[in-house]
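Every read-out reported here was derived from the displayed coordinates using simple, explicitly stated rules and does not represent laboratory data. No experiment lies behind these values; they were computed from the predicted model shown. When we count neighbours, we look across all protein chains shown, and the Cβ atoms used for this are built from the backbone with ideal geometry, even at glycine.
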Amino acid sequence: MGSHQTLDVVRDGPILHVRLDRSEVRNAFNGKLVDELQLVFREADQDEHARVVVLSGNGKSFSAGADLQWMQEQALLEPEANERSAERLARMFLGIARCRKPVIGRVHGHALGGGTGLCAAVDIALCTADCQFGLTEVKLGIVPAVISPFVMQKIGVGRARTLFLTGERFDGNEAQRIGLVHRALPDEQALDAELKRMIGELLSAGPLAVASAKELIRAVGALSLEEAIPMTSKWIATLRATPEAREGMGAFLGKRKPGWTV
Ligand code: COA
């Protein structure tokens with residue numbers, strides 16, 4: 001998957017492991033990491049062998065969010081360049097959220113600021129119970145702007161009002177309670193066992209169906225119940241006529257495993 005300065009990227013069969021690799025600054029993201037991460041997720045979209053992406057962090061923590069040294073440098077740029085750099089950061093989160101492959105976040109240690117944002121951008125976040133989260137930006141005199149749409153979609157406006165305004169930290173159990181992560185596990189061993197189980201679930205599902213389900217959630221989220229009917233009817237009518245659906249339903253009825261099983 002090419003060589004990277006700030007990431008450690010390894011494909012293991014159908015699983016693409018993307019590890020943030022700036023452990024000396026707790027995987028805080030600078031411009032290089034933003035660009036590399038965006039490119040890796042674009043490549044994951046195109047990689048027909050990759051069926052699941054796992055995003056994790058090397059070292060003590062998942063991610064300490066934006067690199068504050070880099071944030072200060074961006075603030076000194078001309079206004080247009082400053083804005084362009086912020087937009088690249090926002091598009092990195094969008095690239096993760098829109099990746100056609102399911103993305104699992106493996107979250108340990110700390111996931112602060114943009115680290116919490118990454119948890120919101122992935123499809124399924126799994127964390128350790130003692131992991132520390134927080135939208136800590138206000139403590140630094142800034143705001144969680146580019147991550148706000150992703151975080152608010154996941155936890156809702158009410159919770160965002162408390163967490164964005166106070167910047168308070170909270171643990172993995174609380175992150176699970178508010179829906180920021182799917183599950184908090186007692187320790188890293190249990191986290192990896194759950195990660196393996198989740199990957200197994202995803203790999204036993206039809207690859208095109210998984211991509212379509214992800215797209216369905218995005219499309220339906222913007223519609224009322226009434227508005228959704230023409231779109232969702234067409235959706236299932238199209239999907240159930242695909243070769244993959246024929247294989248999946250045929251396998252069930254024929255009491256055999258579908259061809260995509262690894
Ligand atoms: N940007 C730049 N550097 C960062 C950073 C960030 N977001 N987070 C950590 N670092 C650096 C530290 O300055 C330190 O550098 P040094 O070794 O040159 O002193 C190094 O990473 C290790 O951090 P340290 O605080 O010693 O590690 P820790 O394991 O005790 O604590 C954190 C880790 C993540 C809890 C702590 O570093 C922290 O609170 N970081 C800020 C997180 C934050 O609020 N992010 C929001 C950004 S918008």
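Structure data summary
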quantity	calculated
Residues being in contact (Cβ under 8 Å) with a residue 12 or more places away in the chain and over 29 Å from GLU201 (Cα atoms) - total across the range 112-141	8
Enumeration of residues in the range 74-96 that are of a type outside the set (Asp, Glu) and either more than 18 Å from the chain's Cα centre (by Cα) or over 26 Å from VAL18 (Cα atoms) (or both)	GLN74, ALA75, LEU76, LEU77, PRO79, ALA81, ASN82, ARG84, SER85, ALA86
Residues (touching an Asp or Glu at 6+ places or on another chain (Cβ under 8 Å) and not aliphatic (A, V, I, L, M)) located in the range 83-111	ARG88, CYS99, ARG100, LYS101, PRO102, ARG106, HIS108
Filtered residues of the range 160-182 (kept if farther than 18 Å from HIS110 by Cβ and surrounded by fewer than 17 Cβ atoms within 10 Å (Cβ to Cβ))	ARG161, THR162, LEU165, ARG177, GLY179
The range 15-39: number of residues that are away from the ligand (no atom under 16 Å from the Cβ), basic (Lys, Arg) and in contact with a His (Cβ under 8 Å, 6 or more places away or on another chain)	0
Any hit, the range 122-142, residues being among the hydrophobic types (A, V, I, L, M, F, W, C) and out of contact with any helix residue (DSSP H, G or I) (no Cβ under 8 Å at 6 or more places or on another chain)	no
Test: residue in the range 16-23 that is touching a Lys or Arg at 6+ places or on another chain (Cβ under 8 Å) and over 20 Å from GLY134 (Cβ atoms)	yes
Among residues of the range 216-251, those that are within 26 Å of LEU16 (Cα to Cα) and in contact (Cβ under 8 Å) with a residue 40 or more places away in the chain, counted	3
Failed item in (1) within 13 Å of the ligand (Cβ to nearest atom); (2) surrounded by fewer than 23 Cβ atoms within 10 Å (Cβ to Cβ); (3) under 17 Å from the mean Cα position of the chain (by Cα); (4) not β-branched (Val, Ile, Thr), with ARG42 passing the rest	(1)
Positions within the range 48-75 being among the hydrophobic types (A, V, I, L, M, F, W, C) and more than 16 Å from the ligand (Cβ to nearest atom), in sequence order	ALA50, VAL52, VAL53, VAL54, LEU55
All positions within the range 135-188 that are polar (S, T, N, Q) and under 28 Å from ILE217 (Cα atoms)	SER148, GLN153, THR162, ASN173, GLN176
Identity of the residue in the range 1-14, within 20 Å of ARG88 (Cα to Cα) and touching a Lys or Arg at 6+ places or on another chain (Cβ under 7 Å), that ends up nearest to the ligand (Cβ to nearest atom)	THR6
